[in-house]
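Peer 1: Here's a structure for you.
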Amino acid sequence: MLKFLIEKEFKQLARHSFLPKLIIVMPCVMLLVMPWVANHEVKNVNVCLVDNDHSALSSRLAQKVSSSAYFNLSATASGYSEAMQSIESGKADLILEVQPDFERRLVREGEAEVMLSVNAVNGVKGGLGSSYLLNIVNDYAAELRSEQLPYMGAAASGSFQLQASYFFNPSLNYKAYMVPALMVLLITLLCGFLPALNIVSEKESGTIEQLNVTPVGKLTFVIAKLIPYWIVGFITISFSFALAALLYNLTPVGSFGTIYVFIGVYILALSGFGLVISNYSNATQQAMLVAFFFIMILVFMSGLFTPVSSMPQWAQNITIFNPLKYFMQVMRMVYLKGSSVAELTPQLLALCGFAVFSNTWAMLSYKKVR
Amino acid sequence: MSTENIATISCRQLSKRYGKVEALRNASFEVGRGEIFGCIGPDGSGKSTLFRILTTLLRADSGGATVEGLDVVKDYHAIRNRLGYMPGRFSLYQDLSVEENLNFFASIFNVTIRENYPLIRDIYRQLEPFKSRRAGKLSGGMKQKLALCCALIHKPSVLLLDEPTTGVDPISRKEFWDILAQLRRQDITIVVSTPYMDEALRCDRIALMREGAVLKIETPERIISQFPQTLWSVQGDPMYKLLTDLRRHEDIISSYAFGDAHHATVRSERITPLQLEENLKMLGYLNVEVKKIQPTIEDCYIAMIND
């Protein structure tokens with residue numbers, strides 16, 4: 001009996017005018033476009049240089065700034081107020097002002113000052129931009145010291161250099177961080193929305209009435225609804241693994257086996273919730289909006305963009321009930337750190353818990369008799 | 001009981017409310033094996049609610065019902081195997097083909113089409129040319145035939161058809177009733193609801209329903225023969241004014257529009273059709289025609305409501 005119910009679901013899915021296309025198009029868009037735009041790296045920061053010194057050392061600084069991939073030396077101004085205008089008009093994000101006696105003081109006293117003014121309307125861009133620029137300036141200072149300019153003697157003696165080494169993502173490649181998370185988002189959208197729309201559309205078309213008078217049991221019914229999404233989810237995720245490998249040369253450090261174990265459990269948990277929504281809704285529109293509401297919250301509280309650890313404590317407490325968070329952690333850890341099931345046991349247990357809970361609920365809330 | 005003494009379906013004092021609306025009020029009746037039992041009444045008379053209780057999809061607030069001796073609440077699972085149900089709205093999978101729908105419903109009842117093919121052969125033959133067409137693309141009459149096939153494929157002993165002919169053309173409606181008559185010969189008990197009073201004549205017995213209550217249960221012939229008054233059909237121009245004048249006439253008990261004529265119940269001991277014709281001509285009506293007619297089920301229904 002189950003076999004025929006599942007067969008029916010697949011036939012309906014395949015004949016749907018829209019869903020099969022969505023299943024193909026969504027991973028493509030998600031992986032072709034999103035990694036480029038869902039990106040916290042700050043690039044193309046426009047710098048306005050106010051060089052009041054016009055010396056050899058100050059123009060070397062300017063060159064250093066403009067040779068960085070992060071900055072464009074978009075304008076030079078003759079004075080601070082003129083530079084301020086370029087910030088106001090949006091031509092520049094940062095002002096780097098070099099004092100008139102920059103070279104002279106460096107040579108005589110071994111130190112000099114530059115001023116940094118930042119447009120902080122976009123906090124992330126302002127913050128990161130200024131710290132990048134600070135790095136460049138410090139770097140330049142260290143460079144001058146290491147050149148051991150004879151006239152700089154004493155000041156250089158006590159300096160030290162900070163060397164950071166980045167684990168798991170040595171080149172700080174933002175895509176390596178985002179792509180696994182986008183796969184989670186993809187699975188969540190497909191396997192969350194589709195089940196939410198499924199039962200309710202049988203209600204709308206009236207077919208559920210005919211099905212309810214048959215001997216099909218609750219358990220069989222719910223399983224028959226779950227398995228198709230399970231399979232769709234597996235196909236989609238495998239497709240996106242291939243895309244990630246092809247486009248971004250990203251393959252998990254850990255094993256695909258680990259990921260598939262978690263995906264299996266995760267889809268079950270999520271589709272269960274979808275079915276619950278469907279059971280309580282009377283119209284597709286209602287189911288759609290409710291599903292949208294929950295998925296929104298789950299996504300924002302999952303750590304996709306903002307790390308969970310930097311949320312306020314009360315919000316962190318809420319994320320305990322967010323299956324998306326666990327799966328997000330798993331994907332990133334397997335992709336970047338190479339974690340295996342053994343290290344991810346807490347996440348596995350949590351997801352299993354969600355799967356049992358949501359599907360039991362789905363089964364109980366499916367009522368043949370009113 | 002028209003055929004046998006053992007009731008296939010038995011309802012006792014069934015009541016159901018939706019909030020303030022009483023959908024069903026103390027409905028009681030019994031249906032015998034192999035009978036075609038019609039529930040006749042306008043929209044909102046409680047037919048669908050009754051069907052949903054009998055098909056185990058809805059629980060009654062009070063009262064009880066059995067189908068084949070099985071309780072609709074306790075033995076719902078056993079009932080579902082013996083019941084064929086056609087809901088009022090077309091509820092097969094529109095995106096599956098004719099054949100796939102039939103196959104699907106056969107398989108979830110654990111039977112094969114071949115096993116029970118003899119039962120649906122006559123109906124399915126008409127569908128066969130379209131068997132690979134999607135159910136959603138069939139005509140109204142064909143949809144109903146397919147729905148009937150799907151409801152029959154597990155060889156139920158009881159068939160519940162909720163307004164199967166609503167929205168179907170007159171020829172298909174007639175064909176549909178011919179099919180039901182054939183099924184009856186195979187000992188299938190059929191309960192069918194319809195808002196069309198003319199279809200009542202094709203039932204063995206009918207229950208006239210109104211606002212959730214069963215007014216009367218009888219064979220259609222007897223309901224007609226029990227019509228308490230004399231019925232005339234009256235025509236004349238202008239028709240609309242005629243109705244008000246008829247209602248004013250002292251020898252006429254009641255009158256109402258009925259298709260292209262007016263029906264009137266009269267005190268026949270005081271007036272003859274000819275006299276009424278004369279009366280009306282004197283009032284200036286043209287083309288006046290008055291004749292005695294046999295009441296239809298609808299006349300009986302109207303008479304019962306007016307009581």
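Peer 1: What do you reckon, is A:ASN282 loosely packed, with under 14 Cβ neighbours inside 10 Å, at negative phi and not in a helix (DSSP H, G or I)?
Peer 2: yes
Peer 1: Now a separate question. Restricting the first residue to segment B:101-113 and requiring it to be at the interface with chain A (Cβ under 8 Å from one of its Cβ atoms), which pairs with a second residue that is polar (S, T, N, Q) and open to solvent by less than 10 Å² (accessible area, probe 1.4 Å) meet a Cβ separation below 7 Å and a spacing of at least six or different chains?
Peer 2: Correct list of pairs: B:ILE108/A:THR214; B:PHE109/A:THR214.
Table: residues versus (1) at pLDDT 85 or above; (2) in the same structural domain as A:ALA92 (by TED's automatic domain parsing); (3) at positive phi.
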| site | (1), (2), (3) |
| --- | --- |
| A:GLU143 | no, yes, no |
| A:GLN148 | no, yes, yes |
| A:ALA154 | no, yes, no |
| A:ALA164 | no, no, no |
| A:PHE167 | no, no, no |
| A:ALA181 | yes, no, no |
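Peer 1: Could you say whether any residue in segment A:186-198 is within 14 Å of chain B (Cβ to nearest Cβ), surrounded by 16 or more Cβ atoms within 10 Å (Cβ to Cβ) and either out of contact with any strand residue (DSSP E or B) (no Cβ under 8 Å at 6 or more places or on another chain) or touching a residue at least 60 places away in the same chain (Cβ under 8 Å) (or both)?
Peer 2: yes
Peer 1: Moving on to the next point. Does at least one position in segment A:361-369 carry a residue that is more than 14 Å from every other protein chain (Cβ to nearest Cβ), assigned to a loop (DSSP other than H, G, I, E, B) and loosely packed, with under 13 Cβ neighbours inside 10 Å?
Peer 2: The answer is no, given that none of the residues of segment A:361-369 is more than 14 Å from every other protein chain (Cβ to nearest Cβ), assigned to a loop (DSSP other than H, G, I, E, B) and loosely packed, with under 13 Cβ neighbours inside 10 Å.
Peer 1: Looking for whichever is out of contact with any Ser or Thr (no Cβ under 6 Å at 6 or more places or on another chain) and open to solvent by less than 10 Å² (accessible area, probe 1.4 Å) here; the options are B:LEU215, B:LEU280. Which one fits?
Peer 2: The conditions single out B:LEU280.
Peer 1: Looking only at segment B:166-220, how many residues end up being free of Cβ contacts under 8 Å to residues at least 24 places away in the same chain and touching a strand residue (DSSP E or B) at 6+ places or on another chain (Cβ under 7 Å)?
Peer 2: Of the residues in segment B:166-220, 1 are free of Cβ contacts under 8 Å to residues at least 24 places away in the same chain and touching a strand residue (DSSP E or B) at 6+ places or on another chain (Cβ under 7 Å).
Peer 1: Name the strands (runs of 3 or more DSSP E) wholly within segment A:28-108 that hold at least 3 residues that are among the small types (Gly, Ala, Ser) and without any contact (Cβ under 8 Å) to a residue 40 or more places away in the chain?
Peer 2: A:71-77
Peer 1: Restricting attention to segment A:337-353, and to residues there that are open to solvent by 30 Å² or more (accessible area, probe 1.4 Å) and part of a helix (DSSP H, G or I), which single residue is nearest to A:PHE321 (Cα to Cα)?
Peer 2: A:GLY353
Peer 1: Residue under question is A:PHE256, and the condition is that it be aromatic (Phe, Trp, Tyr), assigned by TED's automatic domain parsing to the domain that holds A:VAL356, open to solvent by 50 Å² or more (accessible area, probe 1.4 Å) and under 25 Å from A:ILE24 (Cβ atoms); does it hold?
Peer 2: yes
Peer 1: Looking at A:TYR80, A:TYR70, which one is touching a Lys or Arg at 6+ places or on another chain (Cβ under 6 Å), over 30 Å from B:TYR93 (Cα atoms), open to solvent by 60 Å² or more (accessible area, probe 1.4 Å) and in the same structural domain as A:ALA141 (by TED's automatic domain parsing)?
Peer 2: Just one listed residue meets the conditions, A:TYR70.
Peer 1: Can you tell me which residue within segment B:48-97, out of those that are more than 8 Å from chain A (Cβ to nearest Cβ), among the polar types (S, T, N, Q) and part of a helix (DSSP H, G or I), is least open to solvent (accessible area, probe 1.4 Å)?
Peer 2: Here the residue is B:THR49.
Peer 1: Restricting attention to segment A:1-59, which residues are of a type in the set (Ser, Thr, Tyr) and over 30 Å from A:GLY79 (Cα atoms)?
Peer 2: Once the filter is applied, which keeps residues that are of a type in the set (Ser, Thr, Tyr) and over 30 Å from A:GLY79 (Cα atoms), segment A:1-59 yields only A:SER17.
The values are calculated or read from the model by the stated rules, or taken from the named source; none is laboratory data. Predicted model, so just to flag it, every value in this text is computed and none were measured. So basically every Cβ, Gly included, is an ideal-geometry build from the backbone, and we count neighbours across all protein chains shown. All accessible areas refer to the heavy atoms of the entire protein, side chains included, with ligands and DNA or RNA removed. Shrake-Rupley method; radii C 1.70, N 1.55, O 1.52, S 1.80 Å.
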